[in-house]
1. For segment 12-56, what are the residues that are touching an Asp or Glu at 6+ places or on another chain (Cβ under 6 Å) and under 13 Å from ARG66 (Cβ atoms)?
2. Within segment 45-54, is there a residue that is away from the ligand (no atom under 12 Å from the Cβ) and surrounded by 14 or more Cβ atoms within 10 Å (Cβ to Cβ)?
3. Scan segment 8-29 for residues that are surrounded by 14 or more Cβ atoms within 10 Å (Cβ to Cβ) and either among the basic types (Lys, Arg) or over 22 Å from GLU55 (Cβ atoms) (or both) and jot them down.
4. Would you point out which residue out of GLY45, GLY54 is among the small types (Gly, Ala, Ser), more than 15 Å from the chain's Cα centre (by Cα) and over 12 Å from LYS15 (Cβ atoms)?
5. Go through the residues of segment 19-37 one by one and say whether even a single one is within 10 Å of the ligand (Cβ to nearest atom), part of a helix (DSSP H, G or I), touching a Cys at 6+ places or on another chain (Cβ under 9 Å) and touching a residue at least 12 places away in the same chain (Cβ under 8 Å).
6. For a quick check of your reading of the model, give me the residue pairs whose first member lies in segment 41-65 and is under 15 Å from PHE23 (Cα atoms), whose second is not aliphatic (A, V, I, L, M) and not in a helix (DSSP H, G or I), with beta-carbon atoms closer than 8 Å and at least 6 apart or on different chains.
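Each reported figure results from applying straightforward, stated rules to the coordinates on display, with no laboratory input. Please read these numbers as outputs of a predicted model, since none were measured by experiment. Note that each Cβ is placed from the backbone with ideal geometry, even for glycine, and that neighbours are counted across all protein chains shown.
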Amino acid sequence: MIISITILRYLYMYKLECRQVGFDCSHTMTGNTEEEVLQRAKEHGTQVHNLKEGELQSPEMQSKLRSLIRKTD
Ligand SMILES: [Zn+2]
């Protein structure tokens, strides 16, 4: 059971396209979990778009980002 859950976790990737957030940017954040994608988005947003970490971690931004995350096949 534990093994099948582990396999399932890596069967799908999650992705978030930066331009869907509203930036003129072709970067896509990917990860094995939504949390991983959000972490990547935080790094990308602060490093490339000069966003404040606090802005990115606000509940509004977090729910916006979560709503834009898609599962890839
Ligand atoms: Zn970007």
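1. TYR14
2. no
3. MET13, LYS15, listed by residue number.
4. Sole residue among the options that is among the small types (Gly, Ala, Ser), more than 15 Å from the chain's Cα centre (by Cα) and over 12 Å from LYS15 (Cβ atoms): GLY54.
5. Checking segment 19-37: not a single residue is within 10 Å of the ligand (Cβ to nearest atom), part of a helix (DSSP H, G or I), touching a Cys at 6+ places or on another chain (Cβ under 9 Å) and touching a residue at least 12 places away in the same chain (Cβ under 8 Å).
6. Matching pairs, first to second residue: LYS42/GLN57; HIS44/HIS27; THR46/LYS52; VAL48/CYS25; VAL48/HIS27; HIS49/PHE23; HIS49/CYS25.
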